[in-house]
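Visitor: Below is one structure. I have some questions about it.
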C-alpha cells in the first residue's frame, strides 16, 4: 500500500480565504486527480492525505471522485471542513506528525535535498510506504518531516511541482519489483 501525503499545502478551505492569493488549490487538486485516476487507485493500493499549513487534514480513499473544475474542488474541501464531507473523505484538524503517527510503512520524504534515487528501484510492492510530497510552490517544509523520515529521496535537483512528483511516485511504485 502506498500512502501519498501532500504536506504543508498552500491551501485555504474557509469561504473567506478561498480566493486568497496565498491559496494554491491547483497544486493539491492535480496531485489528487492523478492519484485517484491511477491504476493503483483502481487496485485500491493508494490513499492520499492532504495537510495544509494551518493543520487541516483531508484523507482521501482511492475511489473519491476529484472534481476537475477548481471551484467545485474548493467547494468540496469547504464542505468537508464544515462537516459535510462526501463519502470517502475524512477531515480533521491536527499537526502533520500527529496525523502520520499511525501510518504504517517505510517513511520517505521527496526533496531536492535528498539522495538521488530511481523510484522503481527504491520501492517494493511487498512493502508499505508513506511518501511525503511538498504541496507548496517554493521554499521547504515547515513541518518537521526530515526528523520523521527514514529516507529523503530526490528525483531532481530542482524543486518540482507536487503533481509532477506525485506522477513519478505513482509510476515508481506501480512498476517496482513485487518482491
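Visitor: Can you find a residue that is surrounded by 14 or more Cβ atoms within 10 Å (Cβ to Cβ), farther than 17 Å from residue 165 by Cβ, modelled with pLDDT under 95 and touching a strand residue (DSSP E or B) at 6+ places or on another chain (Cβ under 8 Å) anywhere in region 111-120?
Guide: no
Visitor: Go through (1) out of contact with any strand residue (DSSP E or B) (no Cβ under 8 Å at 6 or more places or on another chain); (2) surrounded by 14 or more Cβ atoms within 10 Å (Cβ to Cβ) one by one and return the number of the condition residue 86 breaks.
Guide: (2)
Visitor: Assigned to a helix (DSSP H, G or I) and closer than 25 Å to residue 33 by Cβ: which single residue out of 168, 121 fits that description?
Guide: Matching residue, one of 168, 121: 168.
Visitor: (1) part of a loop (DSSP other than H, G, I, E, B); (2) farther than 30 Å from residue 126 by Cβ; (3) modelled with pLDDT of 85 or more; (4) in contact with a helix residue (DSSP H, G or I) (Cβ under 9 Å, 6 or more places away or on another chain): which one isn't true of residue 54, the others all being true?
Guide: For residue 54, the failing item is (4).
Visitor: Another question about this same structure. Looking at residue 104, is it part of a loop (DSSP other than H, G, I, E, B), touching a strand residue (DSSP E or B) at 6+ places or on another chain (Cβ under 7 Å) and surrounded by fewer than 19 Cβ atoms within 10 Å (Cβ to Cβ)?
Guide: no
Visitor: Could you check residue 67 against (1) part of a helix (DSSP H, G or I); (2) within 28 Å of residue 173 (Cβ to Cβ) and say which number it fails?
Guide: Unmet for residue 67, out of (1) part of a helix (DSSP H, G or I); (2) within 28 Å of residue 173 (Cβ to Cβ): (1).
Visitor: Could you list, in sequence order, the residues of region 70-79 that are touching a helix residue (DSSP H, G or I) at 6+ places or on another chain (Cβ under 9 Å) and either closer than 19 Å to residue 170 by Cα or in contact (Cβ under 8 Å) with a residue 60 or more places away in the chain (or both)?
Guide: 74, 77
Visitor: Conditions first: (1) farther than 22 Å from residue 30 by Cβ; (2) in contact with a helix residue (DSSP H, G or I) (Cβ under 9 Å, 6 or more places away or on another chain); (3) crowded, with 18+ Cβ neighbours inside 10 Å. Residue 149 passes all but one, so which condition is the exception?
Guide: (2)
The values are calculated or read from the model by the stated rules, or taken from the named source; none is laboratory data. Everything numeric here is computed off the predicted structure, so don't read it as measured data. Positions of Cβ are backbone-derived with ideal geometry, glycine not excepted, and every protein chain shown enters the neighbour counts.
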